[in-house]
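Trainee: One structure follows; several queries about it will come next.
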């Protein structure tokens with residue numbers, strides 16, 4: 001059984017045993033789905049040079065999907081800089097932030113929420129930001145199953161809900177923002193909450209009726225809809241957020257600035273090359289551009 005099916009099966013088992021009666025179902029404590037954090041030896045893009053660049057992508061999607069989506073991008077970078085690139089995968093956004101802080105990564109793609117938190121804790125800099133549909137922004141989508149009669153956030157009161165990660169802007173902080181605006185207590189609003197540690201897992205949980213609702217990243221939802229629409233066939237979007245600064249590629253003061261400058265130059269020019277443009281199209285990215293701190297002002301307001 002592959003990892004994704006195992007995780008979904010575990011979630012089903014959890015709901016079967018903890019949700020059989022109303023008394024148990026009303027347990028308010030959030031449940032975190034336990035994913036194992038490892039550095040897979042298969043997650044390497046090999047070059048002829050023995051030097052290794054370490055990169056992470058915050059778990060906005062499942063580990064398998066992360067490597068599948070970014071493998072070609074990292075292979076492209078590896079070839080250009082003639083260095084091996086190793087992808088370090090971690091269960092939570094916090095663990096990726098900690099790796100950045102300790103110097104365990106050369107650069108990383110992290111959630112906007114994780115970025116503004118990291119910015120308060122240690123020196124962190126924007127390497128590049130993606131442009132999608134002409135804008136360096138994205139949204140949170142509030143989603144429910146099409147078969148449900150839920151059509152607003154207010155109707156999710158007393159229902160089950162999936163969060164992505166405690167540092168996720170669109171997968172957690174946006175939901176808290178909605179609760180605060182409605183003068184509601186996060187501990188009592190939903191009957192049950194889970195942390196899925198992947199927007200694609202949250203989408204699956206709603207699609208399969210494991211939870212009643214979730215808030216997810218528009219980029220990932222739209223990518224799944226474009227590449228595997230069957231996975232969102234049973235989903236309806238009942239609310240879209242304002243625009244937020246898009247998840248950036250970042251680096252720290254402990255990164256090798258010469259390597260960072262090389263990578264930045266390659267990213268900025270990708271859309272001008274045949275191979276680079278093809279990779280970007282698969283990721284639904286127009287191009288990479290410099291990122292400005294003020295792009296994340298809207299995220300900082302509730303993070």
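Trainee: Please work out if residue 129 is part of a strand (DSSP E or B) and either at pLDDT 95 or above or surrounded by fewer than 17 Cβ atoms within 10 Å (Cβ to Cβ) (or both).
Mentor: yes
Trainee: Would you check if residue 212 is modelled with pLDDT of 95 or more and in the same structural domain as residue 58 (by TED's automatic domain parsing)?
Mentor: Taking the combined requirement at face value, the residue does not satisfy it.
Trainee: Right, here's the next one. Residue 221 passes all but one of (1) more than 23 Å from residue 159 (Cβ to Cβ); (2) buried (at least 22 other Cβ atoms within 10 Å of the Cβ); which number fails?
Mentor: So the condition that residue 221 fails would be (1).
Trainee: Pick from 205, 214, 275: which is part of a helix (DSSP H, G or I), in contact with a helix residue (DSSP H, G or I) (Cβ under 7 Å, 6 or more places away or on another chain) and under 21 Å from residue 93 (Cβ atoms)? Before the answer, list the steps.
Mentor: On the way: 214 fails: part of a helix (DSSP H, G or I); 275 fails: under 21 Å from residue 93 (Cβ atoms).
It is 205.
Trainee: Follow-up question, since we're still on this one. With respect to the numbered conditions (1) touching a strand residue (DSSP E or B) at 6+ places or on another chain (Cβ under 9 Å); (2) assigned to a loop (DSSP other than H, G, I, E, B), which one is the sole condition not fulfilled by residue 237?
Mentor: (2)
Trainee: While we're looking at this one, here's another question. Suppose we filter 91, 68, 86, 149 for residues that are without any contact (Cβ under 8 Å) to a residue 12 or more places away in the chain and not in a helix (DSSP H, G or I); which single one remains?
Mentor: 149
The values are calculated or read from the model by the stated rules, or taken from the named source; none is laboratory data. Here the structure is a predicted model, which means the values were calculated and not measured. Positions of Cβ are backbone-derived with ideal geometry, glycine not excepted, and every protein chain shown enters the neighbour counts.
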